[in-house]
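Trainee: One structure follows; several queries about it will come next.
The values are calculated or read from the model by the stated rules, or taken from the named source; none is laboratory data. Since we're looking at a predicted model, the values are computed, not measured. Reconstructed Cβ throughout: ideal geometry from the backbone, glycine too, with neighbour counts over all protein chains shown.
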């Protein structure tokens, strides 16, 4: 994707797609959605992280920064290959992912498929899997062993495993690879299926002039293959417990701040290795997406360090991040970086200097634009060309939900500025985003469909079954949404003018 070209796109996570197996995946619905994007003149499909989900079903607390989510592997191709047979699937919820039911059912199907592969795969298929495993060994070997050992230790966190395994004694690891070879093969098979299906789907999108925008969380989870494989790169004590953790300071939204709990990087040690871990991570991100957003970009300039003993984030302090040296090292290794900086939150001049020094576009959220006066940087007349404008993100309410819950001042300001009323606020906000000078405009599918707050994807800081679970059905889309979106996109120079006549 050329970030210098004026374009628009839609934010929708893979898991929100329709489909018969309880959660969106890389199957037929994903291909159909790409066709819909193309017809509506949308040139970008933005996703959330595709890594395995963690606590609370969050894609931002994964057991691996490199692996793909098993839940996104489409089952239809496994059936077509003859590795899997599905006689009858349960009747899953079409509007919400029931992770408690979906996860065990789909994982059981993947195990059946792995068994079927072992018994019926062709020589060429086996060779393809073996070659891929060798090519990805730098992260795959640790990840697959980690998953096997997690199962062998009744899903306990890695620091509670047998000491020789937690501390990665070489002989213990070699023995474990032999003992758990069958389980290791299963996770290799799942990751190979993920990779082959995803790259085929991405190619399908690119052939239709739809680029993929991925998402890269800044931090990794404590219970992860990454932390277990290189504990020396994090602030951990002798028992492998974090001494300091990530978070954000108290602000208007929280008197105690947010204590995320992720272990913090030893940037000095990463720098001594030429930031090799980050180079490898970004290299993989560039294979899986045409451009990607880095979450919590401000943490590279300065991050909020919270003592691990503190129950809240109040007692934290600001610490300097790696700054431009990190991105210079990555760019030297990989070339020009197709990165969007998530520059939201407490943004100080050093963050802006880092973003602009790297040449990365930042983000402008229209829902944040109407709380004060005309100087607000999120208002379209204050946007800059090198930015990405959103009506809202996965962490915001839907635009209609925002309208219903915001205060009278913001609602009146938005109405005056955009002409919006309750029945059309989503379209007027999309129109305002389209008409911004920002090169890229992104709209959550919920806003394109005009859905209320019951359809939001996530409520930050709130643990609940509804987070990360929203799904749509094709009947909700109809014919008018894509046509209207195409017209607005074309009229604002983000799609061919021929769409105006469609």
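Trainee: How many of the residues making up the range 38-85 are at pLDDT 95 or above and part of a loop (DSSP other than H, G, I, E, B)?
Mentor: So the count comes out to 27.
Trainee: Now, a different point. Just checking, which of 377, 436 is part of a loop (DSSP other than H, G, I, E, B), over 30 Å from residue 499 (Cα atoms) and over 19 Å from the mean Cα position of the chain (by Cα)?
Mentor: 377
Trainee: State all residues of the range 352-361 that are buried (at least 16 other Cβ atoms within 10 Å of the Cβ) and free of Cβ contacts under 8 Å to residues at least 40 places away in the same chain; if no residue qualifies, say none.
Mentor: Answer for the range 352-361, where residues must be buried (at least 16 other Cβ atoms within 10 Å of the Cβ) and free of Cβ contacts under 8 Å to residues at least 40 places away in the same chain: just 358.
Trainee: Continuing with this model, one more query. Within the range 9-21, is even one residue part of a helix (DSSP H, G or I), more than 26 Å from residue 226 (Cα to Cα) and without any contact (Cβ under 8 Å) to a residue 60 or more places away in the chain?
Mentor: Applying the first criterion (part of a helix (DSSP H, G or I)) to the range 9-21 yields 14-16.
Within this subset, residues satisfying the condition of being more than 26 Å from residue 226 (Cα to Cα) are 16.
Filter once more, keeping what is without any contact (Cβ under 8 Å) to a residue 60 or more places away in the chain: none.
For the range 9-21, residues part of a helix (DSSP H, G or I), more than 26 Å from residue 226 (Cα to Cα) and without any contact (Cβ under 8 Å) to a residue 60 or more places away in the chain: absent.
Trainee: Next question. Just wondering, is there one or more residues in the range 108-128 that are over 24 Å from the mean Cα position of the chain (by Cα), loosely packed, with under 11 Cβ neighbours inside 10 Å and closer than 25 Å to residue 65 by Cα?
Mentor: Among the residues of the range 108-128, at least one is over 24 Å from the mean Cα position of the chain (by Cα), loosely packed, with under 11 Cβ neighbours inside 10 Å and closer than 25 Å to residue 65 by Cα, which makes the answer yes.
Trainee: Shifting gears a bit: Can you tell me how many residues in the range 326-363 are modelled with pLDDT under 95, in contact with a strand residue (DSSP E or B) (Cβ under 7 Å, 6 or more places away or on another chain) and closer than 21 Å to residue 441 by Cβ?
Mentor: Residues meeting the conditions: 1.
Trainee: Separate question: Please go through the range 381-395 and give me each residue that is part of a loop (DSSP other than H, G, I, E, B) and either modelled with pLDDT of 95 or more or crowded, with 23+ Cβ neighbours inside 10 Å (or both), ordered by number.
Mentor: Matches in the range 381-395: 383, 384, 385, 386, 391, 392, 393, 394.
Trainee: Could you check, for the range 287-306, whether at least one of its residues is at pLDDT below 95 and in contact with a helix residue (DSSP H, G or I) (Cβ under 7 Å, 6 or more places away or on another chain)?
Mentor: no
Trainee: Exactly one of (1) buried (at least 17 other Cβ atoms within 10 Å of the Cβ); (2) under 16 Å from the mean Cα position of the chain (by Cα); (3) over 20 Å from residue 446 (Cβ atoms) is unmet by residue 74. Its number?
Mentor: Just one mismatch for residue 74, condition (2).
Trainee: From the list 105, 161, which residue is over 30 Å from residue 446 (Cβ atoms) and either surrounded by 18 or more Cβ atoms within 10 Å (Cβ to Cβ) or touching a residue at least 60 places away in the same chain (Cβ under 8 Å) (or both)?
Mentor: Values: 105 fails: over 30 Å from residue 446 (Cβ atoms).
Of 105, 161, the one residue that is over 30 Å from residue 446 (Cβ atoms) and either surrounded by 18 or more Cβ atoms within 10 Å (Cβ to Cβ) or touching a residue at least 60 places away in the same chain (Cβ under 8 Å) (or both) is 161.
Trainee: Hey, any hits in the range 408-430 for a residue that's touching a residue at least 40 places away in the same chain (Cβ under 8 Å) and touching a strand residue (DSSP E or B) at 6+ places or on another chain (Cβ under 9 Å)?
Mentor: Yes; the residues of the range 408-430 include at least one that is touching a residue at least 40 places away in the same chain (Cβ under 8 Å) and touching a strand residue (DSSP E or B) at 6+ places or on another chain (Cβ under 9 Å).
Trainee: How many residues are free of Cβ contacts under 8 Å to residues at least 40 places away in the same chain, outside any helix (DSSP H, G or I) and over 24 Å from the mean Cα position of the chain (by Cα) if we restrict to the range 454-501?
Mentor: 2
Trainee: Still on this structure: Kindly indicate which of 357, 450, 401 is more than 18 Å from the chain's Cα centre (by Cα) and on the phi > 0 side of the Ramachandran plot.
Mentor: Values: 357 fails: on the phi > 0 side of the Ramachandran plot; 401 fails: on the phi > 0 side of the Ramachandran plot.
Only one candidate qualifies: 450.
Trainee: Here is a further query. What do you reckon, is residue 441 in contact with a helix residue (DSSP H, G or I) (Cβ under 6 Å, 6 or more places away or on another chain), in contact (Cβ under 8 Å) with a residue 24 or more places away in the chain, within 24 Å of residue 346 (Cα to Cα) and not in a loop (DSSP other than H, G, I, E, B)?
Mentor: Criteria met by residue 441.
Trainee: Give the range 252-289 a look and list any residue that's touching a strand residue (DSSP E or B) at 6+ places or on another chain (Cβ under 9 Å), assigned to a loop (DSSP other than H, G, I, E, B) and buried (at least 20 other Cβ atoms within 10 Å of the Cβ), or say none.
Mentor: Within the range 252-289, 257, 264, 289 meet the criteria.
Trainee: I need the helices (runs of 4 or more DSSP H) fully contained in the range 132-251, keeping only those with at least 1 residues that are closer than 30 Å to residue 363 by Cβ.
Mentor: Numbers: elements: 137-152, 163-166, 170-179, 181-207, 225-229.
Helices (runs of 4 or more DSSP H) meeting the threshold: 137-152, 181-207, 225-229.
Trainee: Being touching a helix residue (DSSP H, G or I) at 6+ places or on another chain (Cβ under 6 Å), without any contact (Cβ under 8 Å) to a residue 40 or more places away in the chain and crowded, with 21+ Cβ neighbours inside 10 Å is true for just one of 370, 378, 327. Which residue is that?
Mentor: That would be 327, the only listed residue that is touching a helix residue (DSSP H, G or I) at 6+ places or on another chain (Cβ under 6 Å), without any contact (Cβ under 8 Å) to a residue 40 or more places away in the chain and crowded, with 21+ Cβ neighbours inside 10 Å.
Trainee: Which count do you get for residues in the range 454-473 that are in contact with a helix residue (DSSP H, G or I) (Cβ under 8 Å, 6 or more places away or on another chain), closer than 20 Å to residue 400 by Cβ and surrounded by fewer than 17 Cβ atoms within 10 Å (Cβ to Cβ)?
Mentor: Of the residues in that region, 1 qualify.
Trainee: Let me ask something else. Considering each residue of the range 404-413, count those that are part of a helix (DSSP H, G or I) and within 21 Å of residue 454 (Cβ to Cβ), and give that number.
Mentor: Number of matching residues: 4.
Trainee: Run residue 345 past the list (1) under 17 Å from residue 60 (Cβ atoms); (2) assigned to a strand (DSSP E or B) and report the number of the one that doesn't hold.
Mentor: Condition not satisfied by residue 345: (2).
Trainee: Taking the residues in the range 178-235 that are within 22 Å of residue 305 (Cβ to Cβ) and within 17 Å of the chain's Cα centre (by Cα) as candidates, determine which candidate is surrounded by the fewest Cβ atoms within 10 Å (Cβ to Cβ).
Mentor: Going through the qualifying residues, I end up with 218.
Trainee: Turning to a different aspect of this structure: Can you name every residue in the range 7-39 that is more than 19 Å from residue 200 (Cα to Cα) and in contact with a strand residue (DSSP E or B) (Cβ under 8 Å, 6 or more places away or on another chain)?
Mentor: 7, 8, 9, 10, 11, 16
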